[in-house]
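> Starting off with a structure, shown below.
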Amino acid sequence: MLDIKWIRENPKALVDALVKRSWSAGDAQSTVDELIARDEARRAHLSELQVKQERRNAASKEIGNAMRSGDNALAEKLKAEVGDIKAFIQNGEARERELDKALNDALAVIPNVPLDDVPVGKDEHDNVVKRTVGEVPTRPNWVKEHFEIGEALGMMDFERAAKLSGSRFTVLKSQLARMERAIGQFMIDLHTTEHGYEEIQPPLMVRDEVLFGTNQLPKFELDLFFTPHGDGRLGLIPTAEVPLTNLVREEITPHEKLPLRYTALTPCFRSEAGSAGRDTRGMLRQHQFYKVELVSVTDQESSLAEHERMTECAEEVLKRLGLPFRTVTLCTGDMGFGARKTYDIEVWLPGQNAYREISSCSVCGDFQARRMDARYKDKDGKGNRFVHTLNGSGTAVGRALIAVMENYQNEDGSVTIPEVLRPYMGGLTKIESK
């Protein structure tokens, strides 16, 4: 959530930011005007309440003076005035809550402001390649996509998954199931033992206010799964970013404890409401998948350096797996709602003859912290400031499995196991059909 004080003082900057995010100039201007008007109405009401409260306090003193002087008529008149003011204040406090809610609801659907160095563009075609790692080999004519490899091995079953749960689910079997587990374990071990992240096992179902804190709600409600719980509901996490980031919600973290770095290997659940018809074959876009998440909580001065560090940690996974990849800076039109800047890491998939996203690392500034009321103590210990939050995939386990299968496939249909995964596979070097 953006700071209304900053918006009030920099209305043109927000209009320009929204236009960079592909809003029309007219919609951007009218939205900013409405935000400022809502804030002005709220501030005017608060000012009037303050005047009334001051008059109530003064009139209360005047009642005492009138009664001591024996002026009962004036005392009764003042009592009536105080009664009217109390009724006004009581109603005014309810109105204050209404105005606060209206302003916060309007702010909740405004995206974050991109950093100045983010390339301006409309969609993924305007993203900018930051670096490319590894050479893309010549594509033999026998190369297959992951689902063709998995089905031929008899270890990837989409038909039975559909009988169980419908489309966009997969049943993995035997050594492919084991290799997916191995990939997740390898990633979590790397991030905890070498990269300094603390492993967390978070809840997989969370409250609405937690989803609001990491900006899944209200904008992306249709992409979530919910289950009834008590008098309300709980949402299945679409990413471990949600519970990990919210670990600091409504808290003030001592400065010396920053940065906080968390990682988790969890299932993730997404309805994919906004991706109908995309990647319908195979495991690329599933309702349920495993992912290793990286989350950092920093002070305001450290977040940009932490963004580079987090991205390098995610890249290291692919380097260890021996997978060609490239890292791109997302343009303003392709960047996520809560991000100020995002790097996507795209792994090479020979079966598709294309790079595909396997990780997305974003710095959010204090955007999420304002929604969570997450703060830290200044170095001098005198004041509190909003933390900066970052999140990234370290990486998507299912997509890493796809990449390993396609990059390590052999002409005979077998899949060589990357060396770094072999200790997790009991020393097995190759996956072959039975």
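The values are calculated or read from the model by the stated rules, or taken from the named source; none is laboratory data. For clarity, every value in this text was computed on a predicted model and none was experimentally measured. So basically every Cβ, Gly included, is an ideal-geometry build from the backbone, and we count neighbours across all protein chains shown. SASA here: full protein model, heavy atoms, side chains in, ligands and nucleic acids out. Shrake-Rupley method; radii C 1.70, N 1.55, O 1.52, S 1.80 Å.
> Quick one: count up the residues across the range 117-155 that are under 26 Å from the mean Cα position of the chain (by Cα) and not basic (Lys, Arg).
Selection size over the range 117-155: 13.
> Look at the range 397-434 and say how many of its residues are part of a loop (DSSP other than H, G, I, E, B), touching a residue at least 12 places away in the same chain (Cβ under 8 Å) and among the small types (Gly, Ala, Ser).
Of the residues in the range 397-434, 3 are part of a loop (DSSP other than H, G, I, E, B), touching a residue at least 12 places away in the same chain (Cβ under 8 Å) and among the small types (Gly, Ala, Ser).
> Out of all the residues in the range 384-434, which are open to solvent by 10 Å² or more (accessible area, probe 1.4 Å), more than 25 Å from ARG285 (Cβ to Cβ) and of a type in the set (S, T, N, Q)?
Selection gives ASN384, ASN410, THR416, THR429, SER433.
> Just checking, does the range 170-186 include any residue being exposed (fewer than 14 other Cβ atoms within 10 Å of the Cβ) and not hydrophobic (A, V, I, L, M, F, W, C)?
No, the range 170-186 has no match at all.
> Quick one: would you say SER60 is under 34 Å from the mean Cα position of the chain (by Cα), farther than 28 Å from ASP373 by Cα, touching a residue at least 12 places away in the same chain (Cβ under 8 Å) and open to solvent by 30 Å² or more (accessible area, probe 1.4 Å)?
In short, no.
> Mind checking which residues of the range 234-259 are of a type outside the set (A, V, I, L, M, F, W, C), open to solvent by less than 30 Å² (accessible area, probe 1.4 Å) and in a loop (DSSP other than H, G, I, E, B)?
Of everything in the range 234-259, those that are of a type outside the set (A, V, I, L, M, F, W, C), open to solvent by less than 30 Å² (accessible area, probe 1.4 Å) and in a loop (DSSP other than H, G, I, E, B) turn out to be PRO238, THR239.
> Any chance you could count how many residues in the range 303-361 are part of a strand (DSSP E or B), open to solvent by 10 Å² or more (accessible area, probe 1.4 Å) and without any contact (Cβ under 8 Å) to a residue 60 or more places away in the chain?
Result for the range 303-361: 5.
> Then there is this: Is it true that some residue in the range 381-388 is in a loop (DSSP other than H, G, I, E, B) and under 17 Å from the mean Cα position of the chain (by Cα)?
Looking for residues that are in a loop (DSSP other than H, G, I, E, B) and under 17 Å from the mean Cα position of the chain (by Cα), one finds at least one in the range 381-388, hence yes.
> So, in the range 17-42, how many residues would count as being free of Cβ contacts under 8 Å to residues at least 40 places away in the same chain and surrounded by 14 or more Cβ atoms within 10 Å (Cβ to Cβ)?
So the count comes out to 6.
> Residues that are in contact with a Pro (Cβ under 9 Å, 6 or more places away or on another chain) and within 30 Å of GLY338 (Cβ to Cβ): which helices (runs of 4 or more DSSP H) entirely in the range 1-88 hold 2 or more of them?
Of the helices (runs of 4 or more DSSP H) lying wholly inside the range 1-88, those with at least 2 residues that are in contact with a Pro (Cβ under 9 Å, 6 or more places away or on another chain) and within 30 Å of GLY338 (Cβ to Cβ) span 11-20, 25-68.
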